[in-house]
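One structure below.
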Amino acid sequence: MTALLQGIRVLDFGRYIAGPWCAAMLAEYGADVIRIEKRGGSEDRFPGQVGGGVGALFLQMNRNKRSMTLDPASPQGREVVAKLVRGADVVIANLPAATLVAMGLDYATLKGYREDIIFVTNNAFGPTGPMQHNVGFDSVGQVMSGAVYMTGQPEQPYRAAATWVDFGTAQNCAFGTLAALMHRARTGQGQVVTGALLATALAVNNAALIEQAVVKPDRVPTGNRGQTSGPTDMYAARDGWVLVAVSGAPLFKRWARLMGQGPGDPDWLADPRFADDDSRGRHGHLLSERMARWCAERSSDEVVQTLGEAMIPCAPVLSPQQALDHPQVQALGLLQATDYPGLPRPAPVAAVPIWMSQTAPVTRQRPPQLGEHTDQILAELGYGAADITALRDGAVI
């Protein structure tokens, strides 16, 4: 079977997540992605060391890619970049605009090498505005979108440990790349695809911003308890924590039947305090108190099984090891055992988290070692062995 993106070549000058994960999604479906790093290795190769001189994040971001090292700002390096771009379809570089210009990776320069090139970039705060030149990571989007303010307690906001802004931006850019490839197939034109961390976070948290702009509830954080439905919270079972999320009248009716009418309980279905989602959110502390008592009498497995059978959303709160061991996680087959030189054991690297009935991902290739394919790629560009040696001796590769 021919891979969906076979024949598409992508040059990945990205760093950390927003650029490299975009490229990894394209590589998953057959694009030839060349990850281009500094001669000593890009900074995102090393955090979270797991062996072999490589970090966990790099292993996730760079499977199915080839690796070459290059100093693109040197005169000989610019010549290599020009040859690479002439044979490429997409260039990805999530670097500050001034850095792109200094390295000769800005769109105007790249377009001089290939008129229909697609240039994919992203930054922290967007292409316009007073902060457009500022740099940042995932958390800057989190804190400026209102999401962090609403997480935790009023006296202590918390950012999410998972980098959802980075991943969301990468996925937006992958969508934009595919749209740009379709546009080019129809018109012959390349273009710039631009993402931004703040823009992603604002889009994800948009409902809260709409509510604030229109009716101005001036909400404050309430820990894990939901504010526009209920009972929605995390509860202590006998042996751990569980999440329960009840939203909408049908779910609430099922929950009320399951709870029954205990001593001192209000009439869950007749009491006006629980008449709709917003009302249940405003009085969620009462619902959470009842749910907490119910969960405290049971094991987490019993809570999940009972609520699951009642078609009420519920899940256990898992540690990373418990997530690895959970039968549902294992059944998905998403975390694929991936060898890498120097690792004490295979790494469970996640595939792109979608399933397509007619389009299969390519066979998994491990992430590349630093510069593993430099000579191979340069040979494809027409460089001979002596030329490659000269580039290496000149600290270009």
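What to note about this one:
- Screening residue 231 on (1) surrounded by 14 or more Cβ atoms within 10 Å (Cβ to Cβ); (2) on the phi > 0 side of the Ramachandran plot shows it passes everything except condition (2).
- Selection within the stretch 234-257 - open to solvent by 60 Å² or more (accessible area, probe 1.4 Å) and more than 23 Å from residue 318 (Cβ to Cβ): 250, 253, 254, 257
- Checking the stretch 157-179 against the condition returns no match, with no residue being of a type in the set (Gly, Ala, Ser) and more than 21 Å from the chain's Cα centre (by Cα).
- Selection count where residues are of a type in the set (A, V, I, L, M) and in a loop (DSSP other than H, G, I, E, B), scope the stretch 373-386: 1
- Annotation: of all residues in the stretch 326-351 being part of a helix (DSSP H, G or I) and under 30 Å from residue 259 (Cβ atoms), the one that is most open to solvent (accessible area, probe 1.4 Å) is 328.
- Pairs, first open to solvent by 80 Å² or more (accessible area, probe 1.4 Å) in the stretch 164-178, second hydroxyl-bearing (Ser, Thr, Tyr) and modelled with pLDDT of 95 or more, C-beta under 8 Å, six or more apart: 172/200
- Matching residues in the stretch 199-222 - criterion: being surrounded by fewer than 17 Cβ atoms within 10 Å (Cβ to Cβ) and either of a type outside the set (D, E, K, R) or closer than 19 Å to residue 123 by Cβ (or both): 203, 204, 206, 207, 209, 210, 212, 213, 214, 215, 217, 220
- Of all residues in the stretch 296-312, exactly one satisfies the criterion of being part of a helix (DSSP H, G or I), surrounded by fewer than 20 Cβ atoms within 10 Å (Cβ to Cβ) and among the hydroxyl-bearing types (Ser, Thr, Tyr), namely 306.
- Residues satisfying the stated conditions in the stretch 107-120, i.e. open to solvent by less than 20 Å² (accessible area, probe 1.4 Å) and either hydroxyl-bearing (Ser, Thr, Tyr) or under 14 Å from residue 14 (Cα atoms) (or both): 119, 120
- Taking the conditions (1) aliphatic (A, V, I, L, M); (2) in contact (Cβ under 8 Å) with a residue 12 or more places away in the chain; (3) farther than 25 Å from residue 27 by Cβ in turn, residue 101 satisfies each one other than (2).
- From the list 287, 370, the lone residue that is surrounded by 12 or more Cβ atoms within 10 Å (Cβ to Cβ) and in a helix (DSSP H, G or I) is 287.
- Among the residues here, residue 265 does not qualify as open to solvent by less than 50 Å² (accessible area, probe 1.4 Å), touching a Lys or Arg at 6+ places or on another chain (Cβ under 9 Å), farther than 30 Å from residue 113 by Cβ and not in a loop (DSSP other than H, G, I, E, B).
- If you go through the stretch 107-130 and keep only what is free of Cβ contacts under 8 Å to residues at least 12 places away in the same chain, outside any helix (DSSP H, G or I) and among the hydroxyl-bearing types (Ser, Thr, Tyr), you end up with just 128.
- The condition (being in a helix (DSSP H, G or I) and either over 20 Å from residue 225 (Cβ atoms) or of a type in the set (Ser, Thr, Tyr) (or both)) is satisfied by just one residue among 273, 293, 257, 280: 257.
- Close pairs (8 angstrom Cβ cut-off, 6 or more residues apart or separate chains): within 14 Å of residue 371 (Cβ to Cβ) and open to solvent by less than 80 Å² (accessible area, probe 1.4 Å) in the stretch 384-397, assigned to a loop (DSSP other than H, G, I, E, B) and aliphatic (A, V, I, L, M) anywhere: 388/397; 391/397; 396/70; 397/70
- In the stretch 315-325, the condition of being part of a strand (DSSP E or B), surrounded by 14 or more Cβ atoms within 10 Å (Cβ to Cβ) and of a type outside the set (Asp, Glu) is met by at least one residue.
- Of all the residues in the stretch 121-163, those that are basic (Lys, Arg) and open to solvent by less than 70 Å² (accessible area, probe 1.4 Å) number 0.
- Residue in the stretch 352-360 that is open to solvent by less than 70 Å² (accessible area, probe 1.4 Å) and closer than 20 Å to residue 20 by Cα present: yes
The values are calculated or read from the model by the stated rules, or taken from the named source; none is laboratory data. Note that this is a predicted model, so its numbers are computed, not measured. Neighbour counts are summed over all protein chains in view; Cβ atoms, including those assigned to glycine, are modelled from backbone coordinates with ideal geometry. SASA here: full protein model, heavy atoms, side chains in, ligands and nucleic acids out. Shrake-Rupley method; radii C 1.70, N 1.55, O 1.52, S 1.80 Å.
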